[in-house]
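Since the structure comes first, as structure tokens, the remarks are kept for the end.
The values are calculated or read from the model by the stated rules, or taken from the named source; none is laboratory data. The structure presented is a predicted model; accordingly, all values stated were derived computationally and were not measured. Cβ: placed from backbone, ideal geometry, glycine included. Neighbour counts: every protein chain shown. These accessible areas exclude ligands, DNA and RNA; they are computed on the full protein's heavy atoms, side chains included. Shrake-Rupley method; radii C 1.70, N 1.55, O 1.52, S 1.80 Å.
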Amino acid sequence: MIVVTGATGNVGGALVRVLAEAGEKVTATSRNITEADVPDGVEHAKADLVDAASLRPVFDGADALFLQSGGSSAHLLRTGEILAEAEKAGVGRVVLLSSLGVATRPESASHGVVGLAIEEAVRGSGLDWTILRPGNFASNSYAWIPPVRAERTVTAPFGDVALPTVDPRDIAEVAAAALHEDGHAGRFYELTGPVPITPREQAEAIGAALGEPVGFAELTPDQARERMLDFMPPDIAETTLAVLGSPTPAERRVSPDVEKVLGRAPRTYADWARAHVAAFR
């Protein structure tokens, strides 16, 4: 049985569906999960990553764990406890959803310092581990839903800076492979899309999926920062702006790891837009 934490998130939710479709026995967990959040036949249980004891009953009968890093000091404090509880219950394998920023922004408190410490806790556990380091998520485009619905316009900074945006479904499929196949222990996988794409080009892809033009209005960095501060701490906002506006060569690089694991090229941003176009109507 495989335990999936963060099962209502973009990656965790996709992973639950991928595993269920493959016939795997799954227990999906998050703080506020309900039966409506999971496919038919999938067990679900409320549990909180900052309360390791809440996961204790979930691990009963499990042999593998998908763990989201959380990226906060609260999650760091509990990671060791969670892994200890998992090992005690007989879990032998863990797949950690980390971030490319651990490698590319090691000096960042939000992306590098805490993330690296969580990775080290996983690597130092008694479990076989695999660490996933995805870059920019295609699903970040959900932030554009209000202006696209209201005005058929995407509003974002750095309109012509390209990053190889990754589909969360591809992250989920790589995670599924690492959870139920041998040969992935001790591996780091950097996960990206197949080509770098700019926000302006993403707007065009959403428009193509909708069948009508979607414009692009560029925000200044200050305007973008002000909006980000409504839903993220200042240090995360600053690092995010740095990645979007001045990506390092490693952040621009297309990784071969999705294709290496899955035997196919990663999905394009246009693929993601077509699959999720209903959200923008």
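When E212 is evaluated against the numbered criteria (1) open to solvent by 60 Å² or more (accessible area, probe 1.4 Å); (2) under 21 Å from the mean Cα position of the chain (by Cα), which criterion, by number, is the only one it fails? E212 satisfies all of (1) open to solvent by 60 Å² or more (accessible area, probe 1.4 Å); (2) under 21 Å from the mean Cα position of the chain (by Cα) except (2). Residues in segment 60-78 that are modelled with pLDDT of 95 or more and over 10 Å from V4 (Cα atoms): A62, D63. In segment 242-252, the qualifying residues are those that are open to solvent by 40 Å² or more (accessible area, probe 1.4 Å) and within 19 Å of the chain's Cα centre (by Cα), and the one that is nearest to S108 (Cα to Cα) is L244.
Kindly indicate the residue of segment 120-174 that is assigned to a helix (DSSP H, G or I) and of a type in the set (F, W, Y) and also farthest from the chain's Cα centre (by Cα) among those meeting that condition.
Taking segment 120-174 and keeping what is assigned to a helix (DSSP H, G or I), we get 120-123, 138-151, 168-174.
When the remaining residues are screened for being of a type in the set (F, W, Y), the result is 142, 144.
On the way: Y142: 14, W144: 18 Å.
Here the answer is W144.
Go through segment 229-238 and count every residue that is in contact (Cβ under 8 Å) with a residue 12 or more places away in the chain and farther than 17 Å from L219 by Cα. Explain how you work it out, then say what you get.
Of all residues in segment 229-238, those in contact (Cβ under 8 Å) with a residue 12 or more places away in the chain come to 233, 235-238.
If we keep only those that are farther than 17 Å from L219 by Cα too, we end up with 233, 235-236.
Looking only at that region, the number is 3.
Within segment 1-34, being in contact with a strand residue (DSSP E or B) (Cβ under 7 Å, 6 or more places away or on another chain), more than 14 Å from L179 (Cα to Cα) and of a type in the set (D, E, K, R) holds for one residue alone: R31. Being farther than 11 Å from A209 by Cα and of a type in the set (G, A, S) is the filter here; which residues of segment 258-278 pass it? Across segment 258-278, the qualifying residues are G263, A265.
Condition check for S255 on (1) modelled with pLDDT of 95 or more; (2) outside any loop (DSSP other than H, G, I, E, B); (3) small (G, A, S); (4) surrounded by 17 or more Cβ atoms within 10 Å (Cβ to Cβ): one failure, at (2). Checked against the criterion of being of a type in the set (D, E, K, R), surrounded by 16 or more Cβ atoms within 10 Å (Cβ to Cβ) and touching a helix residue (DSSP H, G or I) at 6+ places or on another chain (Cβ under 7 Å), segment 120-128 contains not a single residue that satisfies it.
When the residues of segment 218-241 are filtered to those that are within 16 Å of N140 (Cα to Cα) and within 19 Å of the chain's Cα centre (by Cα), the one that is most open to solvent (accessible area, probe 1.4 Å) is F231. For segment 10-48, the set of residues classified as open to solvent by 30 Å² or more (accessible area, probe 1.4 Å) and assigned to a loop (DSSP other than H, G, I, E, B) consists of A22, G23, E24, K25, R31, N32, T34, P39, D40, G41, D48, listed by residue number. Of the residues in segment 154-193, how many are touching a Ser or Thr at 6+ places or on another chain (Cβ under 6 Å) and crowded, with 19+ Cβ neighbours inside 10 Å? Number satisfying all stated conditions: 8.
Inspection of segment 50-64 identifies at least one residue that is in contact (Cβ under 8 Å) with a residue 12 or more places away in the chain, surrounded by 14 or more Cβ atoms within 10 Å (Cβ to Cβ) and part of a strand (DSSP E or B).
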